[in-house]
Structure formats: C-alpha cells, structure tokens
1. Considering each of 111, 136, 124 in turn, give the residue that is more than 14 Å from the ligand (Cβ to nearest atom) and either within 26 Å of residue 192 (Cβ to Cβ) or in contact with a Gly (Cβ under 7 Å, 6 or more places away or on another chain) (or both).
2. Just to be sure I understand, how many residues within segment 259-283 are closer than 25 Å to residue 297 by Cβ, touching a residue at least 60 places away in the same chain (Cβ under 8 Å) and in a helix (DSSP H, G or I)?
3. Taking segment 288-333, which residues are assigned to a helix (DSSP H, G or I), under 27 Å from residue 108 (Cα atoms) and hydrophobic (A, V, I, L, M, F, W, C)?
4. Can you name the number of the only condition in (1) in contact (Cβ under 8 Å) with a residue 60 or more places away in the chain; (2) among the aliphatic types (A, V, I, L, M); (3) closer than 23 Å to residue 248 by Cβ; (4) surrounded by fewer than 24 Cβ atoms within 10 Å (Cβ to Cβ) that residue 182 fails?
5. Does residue 67 count as under 20 Å from residue 303 (Cα atoms), at pLDDT 95 or above and either of a type outside the set (S, T, N, Q) or part of a loop (DSSP other than H, G, I, E, B) (or both)?
6. Report, by residue number, each residue of segment 45-74 that is aliphatic (A, V, I, L, M) and touching a Lys or Arg at 6+ places or on another chain (Cβ under 9 Å).
7. Considering only segment 352-457, give the helices (runs of 4 or more DSSP H) lying wholly within it that have at least 1 residues that are in contact with a strand residue (DSSP E or B) (Cβ under 6 Å, 6 or more places away or on another chain) and surrounded by fewer than 20 Cβ atoms within 10 Å (Cβ to Cβ).
8. Among the numbered criteria (1) surrounded by fewer than 18 Cβ atoms within 10 Å (Cβ to Cβ); (2) out of contact with any Ser or Thr (no Cβ under 9 Å at 6 or more places or on another chain), which one does residue 291 miss?
Amino acid sequence: MIMARPIIEPFKIKVVEPIKFTSINERETILTEAGYNLFQIKSEQVLIDLLTDSGTSAMSADQWAGIMQGDEAYAGSRSFYRLEERIKHLTGYRYIIPTHQGRAAEKILFSVLGGKGKSIPNNSHFDTTRANIEYSGAEALDFLGEVGKDPSAHHPFKGNMDIAALSQWLDQNAQNVPCCMLTITNNSGGGQPVSMENIRAVSQLCRSKNIPFFLDACRFAENAYFIKLREPEYANRSVESIAQEMFSYADGCTMSAKKDGLVNIGGFLALNDERLAASCRNVLIITEGFSTYGGLAGRDLEAIAQGLKEVVEEDYLHYRLIVTRYVHEKLTEQGIPLMNPPGGHAIYIDAKRFCDHIPPERFPGQAVACGLYLQDGIRTVEIGSLMFGKTPNGDFVPPPMELVRLAMPRRVYTQSHMDYVIESVIDLYQKRHSLRGFVIESEPPFLRHFTARLKPE
Ligand SMILES: *Cc1c(COP(=O)(O)O)cnc(C)c1O
C-alpha cells in the first residue's frame, strides 16, 4: 500500500543539531583514510547515520525536564522510585535492578544462572547475550522457527520460537536449563516480532518443566504494536496492556533502555524470584553500583522512566513502524532486494542479490555500505562476511546471509531524510555493477568488523 499523504512525525522540533554536508571528493579521502571501514569514520563526516538504533534516540522535552529533576542521592534516590514504579506498572515484576545498559543486566543474570554444563535457549540470542552466556561457561542455543531464517519469506511473526523443536530438546535437556529466553523483537533475525500466541506457548512449556522464562525486552513496545496490528484479537487493545500481557507470561526480563527506553544510556533487569533478585543485587553492587542507581546518574533514571511512558504511545509507534514500512515499500517497488517483511527498527538490504557479481569473500555488503557512504554520506552497517565470515583452516566460510542494515534512530529523522536515503539506494542499485569488492589489508583477532582495514580489489 502506498501512503496517500506524507508521514506526519508526531512531534515538532524544539532543538536542532546541524548535520554536515561533505563533497564526494572529501568522502573519497575519508574512506581511504578509514581503510573503508565505516566504524572508523567520525560522526561529523556522516550526513545521515543509520549505523544503529541503539542509544541514538532523540529525547523529549519531558525527558529533558526529568534530567533537571534527577535526584543524585547515592541511596534511595527519588528518581529510582519513580523508575521502579514505572517498570513495575509495565511489567508486573517485583524486583527492579537498574543497570548502565542491557549487557550489564545480562552479565549479572548469567553470572548467577550461567556456568559450565548449563544451556540457555532463545529464538536468536543477540550477540552480547550469547557472549555473556558463553563467558559464564554455559551454552547459548537458538530455536528460531524455519520461516524466520528465510530472508525473502513473508510471515507476520518471523521472530517466533520453534516450539516443537524446543519442546523436543527440553525433553532430554531440561535439567541443565537454568532459564529460557525469548528476544522481542528478534534483533539478530532482522527485528522480526514474536506473536502473543508464541510467547504464551513458550511460557506454558517452561512452566510445565519448571524453567524460569525471561524476555530480552529491548524492543518490547515495537513488538507489542506488531501484535496489535497483526494478531486480530489484540486489534482493540492498548499497546500498554498488550505489553503488560507479554510480560505477564515471563518471570523476568533484561532490557536495554537505549532501544525502547528512548534514552541514550541505561537498562535494567526485572524479575519475580526473591532469592535470584538478592543474588543479582549482590553482583550489581560489585560491578555496577548500589541498588538504587546501578551505574547510572539519577537524571538518567528519570529520563528512562519518562521514555518508558512515551514509547507505548500509539502515535509514536504508528510513526515508527510506518517509516520503516515506507522505506521498504519504496525500495521494493524499484526491485531492490530486501529482507521481508520490514522489521521494527531497521531495513535490511540483501547484498548477495544487490551485488551478485561480488562473491562473499570479497564482501558484497561492505561494497554496498561503502557505496552509499561515498555516493551520499549515508552510514549503514554490513552484517555479512566481514562481520561473521570465518577462515578456520585457511578456507573462507561465509555466513548464511550478506546483509546491509539501515537502522532507524528513534524520533531523529524526518520523511525528507528518508526520501533522500531511498533515492540514494535506488541510485546505487542502478550503478551496482560498478561497485567493486574488497580485500582485507589488516585485521584484529576478534570482532574484526570494528577495526579491520580494507582496500578495493
Ligand atoms: C542492544 C541489545 C542488547 C544489549 O544492550 P546494550 O544496551 O547494547 O548493552 C541485548 N539484546 C538485544 C536484543 C539488543 O538489541
């Protein structure tokens, strides 16, 4: 469906931040100096930055007002109680543990629940979740449904857990499972939502085996709105009540407030089990700070409390999801290969098909990402062979997909910014055969995509 009228952003602009225009010649020099690695470019050299939706939100006037009201007391801060009340209202969980970001909540939870010999299933573990589980000595397993693994397949809930596979596996392994997780929306699988029916089914399965069930709730509001749009029985429910129902099926959650908290830093762990909460608080005090601030300033707690209110407003969520859908539709009309359907927080270009003349070992995704930057100053991120390709015994093993992610910061860009992005991608697609692959000049032993230097082949 084509939007008949322009998208109206549900806000007006009170504070502006200039973005800098550069020439194509300047960008050519910048790219060469950065070794064709977009993580090595200064943000000032970027016109439209779609690298990530994490911590890049614009805060509201009410959030900035909250910043001034933050209570910076070491213990018992008023701002903590405000945040605690908001999270309790939203999730229904009894114990609220603030942390400086999502991975700190994961670190705390898995230093208590993880350890050698344990396994933790999920639809798809996000990379920091997997890393924290594996660091504890435990094993992180993915049980994403088959349809979620096919980038071109259309399905309303491609983040759903494969209940049959999980159930079968639990029959043999439940005794080694300290908790089960479900990531909503499924970030590693393209920001695809999980249905309420599926959340309920995972919950029933876990309860039947006495396994605690945790949500990785970073994008809970986007997931709740997808449920409202796509699961008929929820069409007339408020997003907040849908979110409350989602949380009610689990025993706790980890959260990065840098996503659906609409803030630049923060997170939390929330849970019902009193003894587990006490152990987690002990780790919190050692690693993050006292239990009423958890590595954050009082003002940050205020901003999160307010952000968690604004993020379930339907005018906001409507705008949020309509923007990704708009970009997805415009690009699809021009035949640009994308991951289907659009997720909540990002659009993914299928670079294998976009650059079918560049083999995986020459990084087709990086060719598209560098092409967009060079042509128009747009920064995106490659999620393909540069990020995940391996060379275990000299032979290159590519990951299943070569993607370029256009992540959408929240409340930051307008429809005209998006129109510019759309035209740029279409332009590049028409010139795609002029794009060349890359070879690696130097790379570090771990997480090479952040610092590797490349050169055109
Ligand atoms: C971002 C993210 C995390 C980690 O949160 P940070 O705040 O970046 O530490 C965990 N899980 C998912 C699904 C995420 O998107």
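1. 136
2. Here the count works out to 4.
3. Step one: list which residues in segment 288-333 are assigned to a helix (DSSP H, G or I), which gives 298-310, 314-333.
Subset that is under 27 Å from residue 108 (Cα atoms): 298-309.
If the condition is that a residue be assigned to a helix (DSSP H, G or I), under 27 Å from residue 108 (Cα atoms) and hydrophobic (A, V, I, L, M, F, W, C), then 301, 303, 304, 305, 308 are the ones that fit.
4. (4)
5. Yes, satisfied.
6. 46, 47, 48, 50, 51, 58, 59, 61, 67, 68
7. The qualifying helices (runs of 4 or more DSSP H) are 415-430.
8. Checking residue 291 against (1) surrounded by fewer than 18 Cβ atoms within 10 Å (Cβ to Cβ); (2) out of contact with any Ser or Thr (no Cβ under 9 Å at 6 or more places or on another chain), the one that fails is (1).
The values are calculated or read from the model by the stated rules, or taken from the named source; none is laboratory data. All values reported here derive from a predicted model rather than from experimental measurement. Every residue, glycine as well, gets a Cβ built from its backbone with ideal geometry; the counts of neighbours run over all protein chains shown.
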